[in-house]
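Peer 1: Have a look at this one before I ask anything.
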Amino acid sequence: MLASVATFAIEGVESREVVVEADLRRGLPVFTIVGLPDAAVREARERVRAALLNSGLEFPLQRLTANLAPADVRKAGPSFDLALAAAVLAASGQVPREALGSYALCGELSLGGALRPVRGALAMAFGARAAGFERLIVPVENAGEAALVGRLEVLGVPDLARMVAVLRGEWRPDAPAPPAPFTAPAPADDLGDVRGQTDAKRALELAAAGGHNLLMIGPPGAGKTMLARRLPGILPDPSFEEAVEITRVHSVAGLGDGTLSRRRPFRAPHHTISISGLVGGGSTPRPGEISLAHRGVLFLDELAEFSRSALEALRQPLESGRVEVSRGQRAISFPAAAIMVGACNPCPCARSKDECVCNEVDHARYARRLSGPLLDRIDLVCELDATAPLELVEAGTTAETSATVRARVMAARDRQRERLTGTGALSNSEMDARSTRRHVRPEGLARSRLIEGHARRALTGRGHDRVLRLARTVADLAGRDSIQPGDVEEALGFRLGAETVAA
Ligand SMILES: Nc1ncnc2c1ncn2[C@@H]1O[C@H](COP(=O)(O)OP(=O)(O)OP(=O)(O)O)[C@@H](O)[C@H]1O
Ligand SMILES: [Mg+2]
């Protein structure tokens, strides 16, 4: 007897349909799995056998062959267990074969027959809906996450016996609870704690308002790390769609907690991180830190200490907001639209200019790390001085709180969203060349300022567009539609630093 069941294999943050066929015929009792299974999938034989027997079901003592199709999709991990078990049950007549047609299934089995949660349930649910399935059976812990997809009946099942009951039409679980209401907790770190550093705070506000990448260069203890950690607190909450995108990436990486991510991620990898750790990859590609920071912040503290190759690998994702990994014939892509914030000292010895003990070679090596092409992708370069003693001592602080700044950021983001509806971009930094030309038209004096800027420091074509986008954000924060000369000037000011470092 032959039976087939649909399940899904994770590819990037997408999933592809995999059909599990089970063929049962007379012969010596062997169980073979074919169709590019990895070690975990081959081990499914043992889990399926034990789970069936321990659930009071029968494991057929015949020649059993399971095929996972299509053969070119790599099947990795234990999420195929449930579909394999269902196919075996259908082939041996323990559940009705015709019932399986409208279901897709995924889940890992324990030897006792309980279902264990799997990575990427949301991606599988998206796949199941797109492939036209009406129902998806998942481990009960994954049900809430999978149900975020909408327009798909998600059945959260605790064990194999209950799955059989569902397929026989004898039992139905309650619909999974809808995601909890949308309130992000207030971040603990407030911008009000930071004394002085007005320029850096301004840069941070611009980064938040337009989604621009930021580099802070300054002596030790100036407050760079402190400032960067306060960026999430001035960003607006993610929209429902953004929260689903964040959840999807984290779920594929096995970092999800089964609920909707209501906070923007803040990722701060150590500078010893590998290229694949930073941008993703591996034999079964997993998202890297830049993708885990999608719709949030990627903070690279001590930027100059990261390996040159790791930083170079960031260039493409910073430009396109996606990471492309090729695996054999196929290209797999991960979302990677994060605000990159870097922090570093002005030179390797990190002392003030007068006390610096670095020689020219040290300086050159340091500057080379922060290559021109990487810096060209950073809209805001901000040089910090040590915080003045008076500002640190002053007790009664008048510094603005994160809540105040965040309100301005949200107003600026609203203006952008309205203007960019239908372009696919969510913020000024994501505008493509055409939108940039269309929405940022400095005229008169503002235009002359831009040309002067070109003359002062050679701006690349990319640099030019990035100045325009940042000027757009400056105007949006001020609530203006037109671009003023001052907006261009401020944008150029944050840009020119970049050439100073690279020089
Ligand atoms: N402007 C500031 N206002 C208030 N506190 C500050 C400020 N700058 C530094 N501090 C205090 O100093 C500590 C260290 O600052 P921080 O770690 O941000 O420095 P940094 O610029 O990242 O230095 P490094 O280059 O060594 O990493 C902070 O945790 C804070 O307590
Ligand atoms: Mg620091």
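Peer 1: Would you work out which of Gly107, Ala90, Val154 lies farthest towards the positive end of the dipole of the range 2-167? Charges go on Cβ: Lys and Arg +1, Asp and Glu -1.
Peer 2: Ala90
Peer 1: Same structure, new question: By how many nm would the segment from Trp171 to Arg308 grow when fully extended, if each residue of separation counts as 0.36 nm and the alpha-carbon distance is taken off?
Peer 2: This chain segment gains 43.6 nm when fully extended.
Peer 1: Something else: Pairs of alpha-carbon atoms within less than 8 angstrom and 6+ residues apart define the contacts here; what relative contact order does the chain have, in percent?
Peer 2: Normalised by residue count, the contact order of the chain is 13 percent.
Peer 1: Hey, rough spin-label estimate for Arg135 and Val34, points 7 angstrom out along Cα→Cβ, what's it come to in nanometres?
Peer 2: Output for this residue pair reads 3.1 nm.
Peer 1: Given charges of +1 on the Cβ of Lys and Arg and -1 on the Cβ of Asp and Glu, with all other atoms neutral, how large is the dipole of the range 444-488 about its Cα centre, in debye to the nearest 20?
Peer 2: Numbers: 9 positive and 5 negative charges, 39 e Å.
So the magnitude is around 180 debye.
Peer 1: Report the relative contact order of the range 2-167, percent, no decimals, based on alpha-carbon pairs under 8 angstrom and at least 6 residues apart. Display every interim value, and only then the final one.
Peer 2: Details: 387 pairs, mean separation 41.9, N = 166.
Once normalised by length, the contact order is 25 percent.
Peer 1: Multiply the residue separation of Leu255 and Arg351 by 0.36 nm, subtract the distance between their alpha-carbon atoms, and state the gained length in nm to one decimal.
Peer 2: Taking Leu255 through Arg351 to full extension adds about 30.6 nm, to one decimal.
Peer 1: What net charge do the residues around Leu61 carry, taking every other residue with its C-beta under 11 Å from that of Leu61, with Lys and Arg at +1 and Asp and Glu at -1?
Peer 2: Combined, the nearby Lys, Arg, Asp and Glu give +2.
Peer 1: How many nm separate the modelled label positions at Glu391 and Asp481, each set 7 Å beyond the Cα in the direction of the Cβ?
Peer 2: 3.7 nm
Peer 1: What does the extension gain come out to for Asn359 and Glu153, with contour length at 0.36 nm per residue minus their alpha carbon separation?
Peer 2: Length difference between fully extended and current span is 67.5 nm.
Peer 1: Looking at the chain, send over the antiparallel percent of its DSSP beta bridges, to the nearest 5. Mind showing how you got there, number by number?
Peer 2: On the way: 27 of 57 bridges.
Taking every DSSP beta bridge within the chain, about 45 percent pair in antiparallel fashion.
Peer 1: Assuming R0 = 60 Å, what is the FRET efficiency of Ile451 and Glu46, from their Cβ-Cβ distance, to the nearest 0.05?
Peer 2: My answer for the efficiency is 0.25.
Peer 1: Within 10 Å, at most 13 other Cβ atoms, and a DSSP state outside H, G, I, E, B define an exposed site. Report the longest part of the chain free of exposed trypsin sites (Lys or Arg not before Pro).
Peer 2: That gives 169-352 as the longest site-free run.
Peer 1: Now for a separate question. First measure r as the distance between the Cβ atoms of Thr401 and Ala331, then evaluate 1/(1 + (r/R0)^6) with R0 = 60 Å and state the FRET efficiency to the nearest 0.05.
Peer 2: 0.85
Peer 1: With label points built 7 Å along Cα→Cβ from the Cα atoms of Ser283 and Asp432, find their separation and express it in nm.
Peer 2: According to this spin-label approximation, the distance is 3.8 nm.
Peer 1: Loop sites only, by DSSP: take the GluC sites (Glu not before Pro) in the chain that have at most 11 other C-beta atoms within 10 Å and name the longest stretch containing none of them.
Peer 2: Answer from the scan: 171-354.
Every number in this text was worked out from the coordinates using simple rules, so none of it is lab data. Everything numeric here is computed off the predicted structure, so don't read it as measured data. Cβ: placed from backbone, ideal geometry, glycine included. Neighbour counts: every protein chain shown.
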